[in-house]
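What follows is a set of notes on a single structure, which appears directly below.
The values are calculated or read from the model by the stated rules, or taken from the named source; none is laboratory data. This is a predicted model, so every value here is computed, not measured. All Cβ positions, glycine included, derive from the backbone under ideal geometry; neighbour counts span all protein chains shown. What goes into the accessible areas is simple: the full protein's heavy atoms, side chains included, and nothing from ligands, DNA or RNA. Shrake-Rupley method; radii C 1.70, N 1.55, O 1.52, S 1.80 Å.
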Amino acid sequence: MAVLTIAAAVAAMTLRNLVHCALALTVAFAGLAAAYLQLDAQFVGFAQIFVYIGAVAILLVFAILLTRGGEVPGQSVFSSSWVWGGLAALAVFATLAWAIQNSFASQREPAETVQASVKQIGDALMTQYVLPLEVIGLLLTAAMIGAVIIAMKEEGKE
Amino acid sequence: MTPLAAYLLLSAVLFSIGLAGALTRRNAIIVLIGIELMLNAANLNFIAFWRFGENPEALTGVLFAIFSIGIAAAEAAVGLALIIAIYRHYRTANVDEVNSLKG
C-alpha cells in the first residue's frame, strides 16, 4: 500500500501529461485514505475520499483543461532551477528521516482499542470544537466567494 | 500493527516528493498539486500520532486532520482560481514566464 502511494506520488510529480498527473494524484490520495482506515480513523478516511478524490481531483482536471494543460509541452517540464529544488527536497527528507530514526517516540506502542465513531466526532464538534467549526464555515464561504470573484471575467475586457 | 516509524517515514517521503514537485516543475497547477501532497503528508502525521499517542479518546488528532482537510479544500479552490486568472492575463501557466507583478 505504501509502495503504491509513493509510486503514484512520484508519477504525479514527473509525468509530462498533466491529465495523467491528476489521475496519478488521485491514486496517491486513495492510498492515503487506506492508511487512515488502517489507523482506525474511519471518518477521516472517508472525508479524504469525498474531499480529495471527489472534489479536489475534479477541480484540478477542470483547471488543467481550462488552461490547455492537456497539451504535452515541447520543452522540458522542469523549471530552470530544478537542481536546487531537488537538492532542497533531498535535504529535507534526510533531516526528517534522521529525526524519525533517532526519536524515542518511534518505539511507542499503539493503544489497544481506539474508539473514534462518527457520533463521538459529532459530539466533540458540537461542544468543545464548535468555535473552530464556525470559523471554518466562514472561511469556506469567504474562499468560495473570493475564488468566484478572482476567476470572474474582468469588466470591459474581452 | 505497523510501527509508528513506518507511517512517519511514508509521510516524510510524500512530503519530500511534494516539495520537490513544487520547487522543480514549470506548470503552476503541478506546483499546487505538490502543495496538496505536502498537506496530505502532514495530515497522515496527525492521524498516526493520534493513534499512537497518550490518550486517543480525546480525538485531538482526528479533529485537527478534519479541519486541515477543510482548509486545504479552500486553499485549492482559491489557488486554482488564481491560476485561471493568471492564465487569462498571460496566456500561460508556466511559473518561469510569470515574473512581473505589474502586467
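When Rg and the Kirkwood Rh are both derived from Cα coordinates, the Rg/Rh ratio for chain A amounts to 1.04.
What number, rounded to the nearest 500 deg cm²/dmol, is the helix-based mean residue ellipticity at 222 nm of chain B, given -39500 (n - 2.57) per DSSP H run of at least four residues and division by all its residues? Before the final figure, lay out each step's value.
Working: 3 runs with 76 residues, N = 103.
Roughly -26000 deg cm²/dmol at 222 nm, from the helical runs in chain B.
Nearest 0.05, what FRET efficiency do B:His89 and A:Phe46 give at R0 = 35 Å with Cβ-Cβ as r? Walk me through the numbers on the way to the answer.
Details: r = 39 Å, r/R0 = 1.11.
It comes to 0.35.
Restricting the stretch B:29-103 to trypsin sites (Lys or Arg not before Pro) that sit in a DSSP loop and have at most 13 other Cβ atoms within 10 Å of their own Cβ leaves B:Arg91, B:Lys102. Averaging the Cα positions of each part gives two centres, and for the stretch A:1-56 and the stretch B:46-92 these lie 14 Å apart.
Distance between the 7 Å Cα→Cβ label points at A:Glu109 and A:Trp82: 4.8 nm. Going by the alpha-carbon gyration tensor, a ≥ b ≥ c the square roots of its eigenvalues, is the stretch A:1-71 rounded (a/c under 1.5) or, if a/c is not under 1.5, prolate (a/b greater than b/c) versus oblate? Oblate, because a/c is 1.5 or more while a/b does not exceed b/c. Taking label points 7 Å from Cα along the Cα-to-Cβ direction, A:Gln120 and A:Thr95 give a separation of 3.5 nm. A:Ser106 sits with roughly 10 Å² accessible to a 1.4 Å probe, with DNA, RNA and ligands left out of the calculation. Taking a point 7 Å from the Cα of A:Gln128 along the Cα-to-Cβ direction, the residues of the stretch B:42-85 with backbone N closer than 19 Å to it are B:46-69.
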